[in-house]
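Comments concern the structure below.
Please treat every number below as a calculation from the coordinates, not as lab data. Quantities reported herein were computed from a predicted structural model and do not represent experimental measurements. Neighbour counts are summed over all protein chains in view; Cβ atoms, including those assigned to glycine, are modelled from backbone coordinates with ideal geometry.
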Amino acid sequence: MESRGWHVTLLQIMLLLVLLALPAAADCTWDSLTDYTFNYEGAYSSQAYKASFKDGEKAPYKCQDGYLPSSQYSGPRILNATCRGDHWEWDARNLQCRPVSCGHPCPNGYCKNGDVTPLVFNFPQEVTFTCKKGYHLVTHDNQYWDPNNVVYCQANGKWSRPTPNCVEVVCPQPTPIADGKVDPPQGIFREDATVQYTCNQGFTLNGDATRRCQNNATWSGNDPTCEQRCPEPKPLPHGEIKTNRIYEIGAIIIYVCDDGQRSSATCGEDLKWRPEPPSCTDTKRQTVALPPSPPLPTTTTTTTTTTPLPPTQCSPLPSPTYGKLFSKDGFRINASVFFTCDEGYALHGPAKLVCQTTGIWDPAMMPTCTAPPPWIIILSVCLAVLASLVLCCLGFFYFMRRRRRSTPPPRNYRRQIRKPGPYDAISNDEVARLGKPLPVTSL
């Protein structure tokens, strides 16, 4: 008996060792229950609550948001999967999920004057809208359509944005230009139509001369303007022109010759540069040396170059018409020049110019003195006349009041004593009862 018991114990020990040697069965994981179509529908919403399931445990699942059971499936909406070792055993009814369809985004499946791509309208597909030539996209309420707008099919089966429309590109009428004209001035301006801007004589165009109707129904560039400017100064032979390329009335340009000579010109009200540019001499002069003796008829050519000296002053400036110029240091380097206008005239432009070390005035703009507009003069006269009338009226009323106070009363004027009335504080009967005589009224 003891031998038999010992054999049973040995068998149990060997069986235990065999079980310990077998690998432990793995659990089913939460992640493996969820894929791009199925979604775990249990009481736990994340791995933080339940990271794994034991063998034999069940877990509910259904189609993810944005997916529906296929048309061939007729079972319950939520099914159970069973953990078998380290994998899931799906329900035998084999749930198949398909993406939700949002349908064609254009009415009746047709995008008028445009197109949509790709032709896949299921969740979560994005689509792009385009228009044919001569048309552009606008929102459903006819507002600007941002090209960066994203339209995609949502999980609820609806598009993320209302479908845009393709409307014909028609630019607004071009803005008229003062002191110039636009051609054509009006009409129907479709995509790629152009207009030309020109200025009247004596004016220069500032901006784009040609503007094009763009696909977003706006004109290219900005509205140009016509300004009174002097023409581009012609190149200076044997010298250069220093300018900030602002050629309006009063602008100053500096002529610098290769030999160091400097002068300036100002854009006048007649739109001409005055004075005339200087005549610069060629600093590269060629000289021929004569041979020392007849037997050696050798000719040598020498080129002499003169290095210009740094400027010591800026070009002299004239006084503005109807104004004066003041400078205690003249026109030398670092000198300041001040401008004032005669009474009744306004200064237009800088009131102070400084001569730089380069020999150029800063700013390079000659001020002008302009008379006030006629309407200001008329308004000033009217105000002066009105003020004079008010003063005269006040003086007249003051005189009449003083005169009325100083006039004596007429000779036949006598003070009248009023008769007692029925509403006096003491009546006649009361006076009689008091034993007093009645008052006598003298007329």
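Give the value in nm², to one decimal: projected area of the alpha carbon convex hull of region 232-271, averaged over all directions. Could the numbers behind the result be given before it?
Numbers: hull surface 11.0 nm².
Seen from a random direction, the Cα hull of region 232-271 projects 2.7 nm² on average.
Treating r as the C-beta distance of Val385 and Thr340 and R0 as 22 Å, the FRET efficiency rounds to 0.15.
Determine the relative contact order of region 107-168: mean sequence separation of Cα pairs under 8 Å and six or more apart, normalised by residue count, in whole percent. Let's see the in-between values first.
Working: 96 pairs, mean separation 22.2, N = 62.
This gives 36 percent for region 107-168.
Compared with the direct C-alpha span, the chain from Asn142 to Thr29 gains 35.4 nm at full extension, assuming 0.36 nm per residue. Protection proxy ranking for 223-229, 360-366, using the average of other Cβ atoms within 10 Å per residue and placing the highest first: 360-366, 223-229.
Counting charges near Gly85 (Lys, Arg +1; Asp, Glu -1) among other residues having Cβ under 13 Å from its Cβ returns a value of -3. Label sites at Asn156 and Arg274, each approximated as a point 7 angstrom past Cα along Cα to Cβ, lie 7.8 nm apart.
Within 13 Å, Cβ to Cβ, of Tyr73, how many net charges do the neighbouring residues add up to if Lys/Arg are +1 and Asp/Glu are -1? Mind showing how you got there, number by number?
Details: positive: Lys62, Arg77, Arg93, Arg98; negative: Asp91.
Residues close to Tyr73 contribute a combined charge of +3.
Dividing the C-alpha radius of gyration of region 177-227 by 2.2 N^0.38 Å, with N its residue count, gives 1.14. Computed from the C-beta positions of Gln196 and Lys133, the FRET efficiency with R₀ = 25 Å rounds to 0.60.
How charged is the neighbourhood of Glu248? Take every other residue with its Cβ under 10 Å from the Cβ of Glu248, and add Lys/Arg as +1 and Asp/Glu as -1. Before the final figure, lay out the partial values.
On the way: positive: Arg229; negative: Glu227.
So the surrounding residues net to 0.
Each residue, Lys328 and Lys284, gets one label point 7 Å from its Cα in the Cβ direction; the gap between the two is 4.7 nm.
The gain in end-to-end length when the Lys58 to Thr117 segment is fully stretched comes to 16.9 nm, 0.36 nm per residue minus the alpha carbon separation.
On alpha carbon coordinates alone, what is the Rg over Rh value for region 107-168, Rh being the Kirkwood radius? Value, to two decimals: 0.95. Taking a straight Cα-Cα cut-off under 15 Å and skipping sequence neighbours fewer than 8 places away in the same chain, the aspartates and glutamates within cross-link reach of Lys62 are Asp31, Asp35, Glu41, Glu89, Asp91.
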